[in-house]
Amino acid sequence: MRSDPVVQVSGLVKRYGGKTAVDGLDLVARAGITAVLGPNGAGKTTTVESCEGYRRPDAGTVRVLGLDPVREASALRPRIGVMLQSGGVYSGARADEMLKHVARLHAHPLDVAALIERLGLGSCGRTTYRRLSGGQQQRLALAMAVVGRPELVFLDEPTAGLDPQARRATWELVRELRADGVSVILTTHHMDEAEQLADDVAIIDAGRVIAQGSPEELCRGGAENTLRFGGRPGLDVASLLKALPADSTAVELTPGSYRVGGKIDPQLLATVTSWCAQHGVMPEKISVERHTLEDVFLELTGKELRG
Amino acid sequence: MSAETTGTGAAAGARSTAAGTYAPRPGAAPLPRMIAAQAVLETKMLLRNGEQLLLTVIIPTLLLVLFSAVDIVDTGDGKAVDFLAPGILALAVMSTAFTGQAIATGFERRYGVLKRLAVSPLPRWGLMTAKSLSVLVTEILQVILVTVIALALGWSPHGNPFAVLLLLVLGTAAFSGLGLLMAGTLKAEATLAAANLVFLLLLIGGGVIVSLDKFPQGAQDVLGLLPISALSEGLRDVLQHGAGMPWGNLGILAVWAALGLAAAGRFFRWE
């Protein structure tokens with residue numbers, strides 16, 4: 001999957017009036033699912049819309065599937081699918097009518113009836129777009145992005161405002177796209193969405209990418225994970241430390257309360273419990289605190305993602 | 001539709017799809033097919049919209065029937081319908097090419113339809129071509145309807161059909177340019193209000209049902225330069241009086257068309 005980049009953005013600058021929305025942003029996305037994660041106003045949509053050819057960069061270059069999205073738009077457009085954050089449909093059109101229309105603009109579209117059933121839009125019947133629920137409107141926009149059998153799909157906040165069940169249905173479709181070889185760039189301000197879906201996450205804040213990597217890499221990169229347990233006070237922490245891998249830490253925080261830091265994996269957990277067994281210690285309240293993207297974001301920016 | 005049925009729908013659809021279903025196979029449809037599909041959809045949207053039908057079908061028909069039957073407006077010598085039918089044809093063109101197109105396009109812009117189509121394989125000029133085709137199809141339906149009703153009311157048209165066709169086509173170009181300029185620069189609500197207001201003012205002051213002769217000479221000179229006056233007076237000269245090519249009116253329409261379409265091309269904003 002580590003082929004040529006599907007998206008390559010370097011030094012992108014975009015200003016609206018006096019306000020700088022994107023400020024020297026670098027981003028490389030490869031085949032698979034890339035999540036662009038950041039708080040509202042971080043520059044996610046501007047970045048994605050620059051890739052879709054809507055925005056002409058004030059500085060820097062953007063290449064999508066090797067093409068300039070503005071100058072080579074006509075070559076690029078049939079190869080990408082776009083889900084806008086909202087709208088995009090005639091208010092008087094029915095869901096199946098609009099989807100059929102977008103299908104007709106493509107040479108080898110998906111089977112519209114199957115896609116409608118797959119996304120649970122069959123119940124929309126003769127209802128026009130303006131009277132569909134928010135979730136139905138979202139799913140129609142998603143269907144419009146994939147119906148042309150694109151190589152690359154841009155999804156701008158695909159699950160914003162969806163209930164948990166509909167979110168999972170969307171995630172499942174995104175995974176199916178990936179399995180069939182479609183690359184996906186999605187923006188989100190939901191950590192769990194990025195963690196669940198993405199092969200690669202780019203964290204954006206104030207118009208720049210401040211960290212990029214797989215969810216695992218990002219979570220390892222920040223403060224390390226911790227394991228806590230309770231036991232009798234005054235255990236020989238130095239002895240425990242000797243049993244652990246070299247880059248680990250072990251301290252007695254308060255009498256009888258211990259914390260182990262480092263790369264917390266199943267092997268390390270087994271090492272800690274067998275050390276306890278050897279020393280006749282019954283470890284109580286063992287807990288492993290996994291470092292989340294939420295923590296990473298907090299550490300990198302000093303603010304909450306949804307603040 | 002309740003939230004429950006929506007949820008069930010999502011769940012029912014959430015079974016997995018055969019592997020390979022989404023395997024990329026990109027490509028644009030042939031250009032004529034895209035433009036035809038777009039024109040069909042645009043026409044459907046227009047004919048489905050109640051306000052648009054009021055503007056393009058009901059008001060022109062009503063005015064034609066009402067003022068032919070009831071002697072309220074001064075239609076000069078001869079049959080009332082011979083005076084009214086050319087004016088109503090001009091009104092039909094204005095209602096579709098200007099008012100209807102401005103309002104529809106304004107809301108398409110507002111609701112992101114133009115934005116979404118801009119990243120589809122259909123080029124922008126293709127979208128504009130489809131819009132023009134949709135306007136022309138609607139106008140053909142209007143002309144048939146107005147002609148049938150006018151003939152039933154005893155209309156006896158004269159003149160060169162080619163001159164009539166030329167007037168209708170140039171009138172459509174002039175009103176389309178102005179309608180798209182409005183839709184592409186103003187907010188959707190402002191377009192809605194302004195397009196309706198302009199429709200009403202030009203209906204009264206553009207020689208549609210009230211002859212320009214009724215206005216003071218100074219006003220006549222100015223009103224005569226409006227595209228609606230050029231179209232209605234030109235059609236009346238030909239259809240009522242059997243005049244030859246109305247070059248003056250065709251010239252006025254051509255200038256409006258050139259200015260309007262150039263300004264729309266220059267200032268139209270897609271978002």
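The values are calculated or read from the model by the stated rules, or taken from the named source; none is laboratory data. If you're wondering where the values come from, they're calculated on a predicted model, not measured in any experiment. Ideal geometry is used to build each Cβ from the backbone, glycine not excepted, and the neighbour counts take in all protein chains shown.
Based on what the data block shows, is A:T159 polar (S, T, N, Q), at pLDDT below 95, assigned by TED's automatic domain parsing to the domain that holds A:Q85 and closer than 20 Å to A:A103 by Cα?
No.
Where in the stretch A:180-239 are there strands (runs of 3 or more DSSP E), lying wholly inside it, with at least 3 residues that are touching a strand residue (DSSP E or B) at 6+ places or on another chain (Cβ under 6 Å) and free of Cβ contacts under 8 Å to residues at least 60 places away in the same chain? Outline the logic, then answer.
On the way: elements: A:183-188, A:200-205, A:208-213, A:226-230.
By residue number, no strands (runs of 3 or more DSSP E) qualify.
So which residues in the stretch B:69-117 are small (G, A, S) and touching a Lys or Arg at 6+ places or on another chain (Cβ under 8 Å)?
Initially, the stretch B:69-117 is screened for residues small (G, A, S), giving B:69, B:76, B:78, B:80, B:85, B:87, B:90, B:92, B:95, B:97, B:100, B:102, B:104, B:106, B:112.
Within the stretch B:69-117, B:G87, B:G106 meet the criteria.
Being facing chain B (nearest Cβ under 8 Å), in contact (Cβ under 8 Å) with a residue 12 or more places away in the chain and acidic (D, E) is the filter; apply it to the stretch A:132-177 and report the residue that is farthest from A:H190 (Cα to Cα).
Step by step, filter the stretch A:132-177, then rank; the result is A:E151.
Can you name every one of the helices (runs of 4 or more DSSP H) wholly within the stretch B:149-235 that holds 2 or more residues which are in contact (Cβ under 8 Å) with a residue 60 or more places away in the chain and either buried (at least 21 other Cβ atoms within 10 Å of the Cβ) or among the basic types (K, R) (or both)?
B:161-185, B:188-205
Just one of (1) under 17 Å from the mean Cα position of the chain (by Cα); (2) surrounded by fewer than 20 Cβ atoms within 10 Å (Cβ to Cβ) trips up A:T20, so point out which.
(1)
Would you check if A:E97 is in a helix (DSSP H, G or I), free of Cβ contacts under 8 Å to residues at least 24 places away in the same chain and either farther than 19 Å from B:L46 by Cβ or touching a Cys at 6+ places or on another chain (Cβ under 9 Å) (or both)?
no
Quick grid of which residues meet (1) within 14 Å of chain A (Cβ to nearest Cβ); (2) buried (at least 23 other Cβ atoms within 10 Å of the Cβ); (3) in contact with a Phe, Trp or Tyr (Cβ under 6 Å, 6 or more places away or on another chain); (4) free of Cβ contacts under 8 Å to residues at least 60 places away in the same chain:
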| position | (1), (2), (3), (4) |
| --- | --- |
| B:Q38 | yes, yes, no, no |
| B:M45 | yes, no, yes, yes |
| B:G50 | yes, no, no, yes |
| B:V57 | no, no, no, no |
| B:L64 | no, yes, no, no |
| B:P86 | no, yes, no, no |
| B:L89 | no, yes, no, no |
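Among (1) more than 17 Å from B:A183 (Cα to Cα); (2) at pLDDT below 95; (3) part of a helix (DSSP H, G or I), where does B:M34 come up short?
So the condition that B:M34 fails would be (2).
If only one of A:R130, A:R149 is over 18 Å from the mean Cα position of the chain (by Cα) and either closer than 16 Å to B:R116 by Cβ or assigned to a strand (DSSP E or B) (or both), which one is it?
On the way: A:R149 fails: either closer than 16 Å to B:R116 by Cβ or assigned to a strand (DSSP E or B) (or both).
Sole residue among the options that is over 18 Å from the mean Cα position of the chain (by Cα) and either closer than 16 Å to B:R116 by Cβ or assigned to a strand (DSSP E or B) (or both): A:R130.
Do we find a residue being within 19 Å of B:A102 (Cα to Cα) and of a type in the set (V, I, T) anywhere in the stretch B:162-174?
Yes, the conditions are met somewhere in the stretch B:162-174.
Out of all the residues in the stretch A:1-54, which are among the basic types (K, R) and assigned by TED's automatic domain parsing to the domain that holds A:L186?
Matches in the stretch A:1-54: A:K14, A:R15, A:K19, A:R30, A:K44.
Tell me, please, whether a residue that is out of contact with any helix residue (DSSP H, G or I) (no Cβ under 8 Å at 6 or more places or on another chain), part of a loop (DSSP other than H, G, I, E, B), farther than 13 Å from A:V146 by Cα and not charged (D, E, K, R) can be found in the stretch A:63-85.
The answer is yes, given that some residue of the stretch A:63-85 is out of contact with any helix residue (DSSP H, G or I) (no Cβ under 8 Å at 6 or more places or on another chain), part of a loop (DSSP other than H, G, I, E, B), farther than 13 Å from A:V146 by Cα and not charged (D, E, K, R).
State yes or no: is A:V281 in contact (Cβ under 8 Å) with a residue 12 or more places away in the chain, β-branched (V, I, T), more than 30 Å from A:V48 (Cβ to Cβ) and part of a loop (DSSP other than H, G, I, E, B)? If you could, list the steps in order and put the result at the bottom.
Working: in contact (Cβ under 8 Å) with a residue 12 or more places away in the chain: yes; β-branched (V, I, T): yes; more than 30 Å from A:V48 (Cβ to Cβ): yes; part of a loop (DSSP other than H, G, I, E, B): yes.
It is true that A:V281 is in contact (Cβ under 8 Å) with a residue 12 or more places away in the chain, β-branched (V, I, T), more than 30 Å from A:V48 (Cβ to Cβ) and part of a loop (DSSP other than H, G, I, E, B).
Across the stretch A:81-130, what is the number of residues that are surrounded by fewer than 22 Cβ atoms within 10 Å (Cβ to Cβ), facing chain B (nearest Cβ under 8 Å) and more than 21 Å from B:Y22 (Cβ to Cβ)?
Number satisfying all stated conditions: 8.
Which condition from (1) under 14 Å from B:I103 (Cα atoms); (2) of a type in the set (F, W, Y); (3) free of Cβ contacts under 8 Å to residues at least 40 places away in the same chain is the one that B:W125 breaks?
For B:W125, the failing item is (1).
Test each condition in (1) more than 7 Å from chain B (Cβ to nearest Cβ); (2) more than 24 Å from the chain's Cα centre (by Cα); (3) more than 21 Å from B:G106 (Cα to Cα); (4) in contact (Cβ under 8 Å) with a residue 24 or more places away in the chain for A:P78 and report the one that comes out false.
Of everything listed in (1) more than 7 Å from chain B (Cβ to nearest Cβ); (2) more than 24 Å from the chain's Cα centre (by Cα); (3) more than 21 Å from B:G106 (Cα to Cα); (4) in contact (Cβ under 8 Å) with a residue 24 or more places away in the chain, A:P78 misses just condition (1).
Quick one: in the stretch B:118-133, which of the residues that are touching a Lys or Arg at 6+ places or on another chain (Cβ under 9 Å) and crowded, with 19+ Cβ neighbours inside 10 Å is farthest from the other protein chains (Cβ to nearest Cβ)?
From the stretch B:118-133, those touching a Lys or Arg at 6+ places or on another chain (Cβ under 9 Å) are B:118-123; that's our starting set.
Then keep just the ones that are crowded, with 19+ Cβ neighbours inside 10 Å; that gives B:118-122.
Values: B:A118: 7, B:V119: 5, B:S120: 5, B:P121: 4, B:L122: 5 Å.
This residue is B:A118.
Counting only residues that are modelled with pLDDT of 95 or more and out of contact with any helix residue (DSSP H, G or I) (no Cβ under 8 Å at 6 or more places or on another chain), which one in the stretch B:116-142 is farthest from B:A230 (Cα to Cα)?
The selected residue is B:L141.
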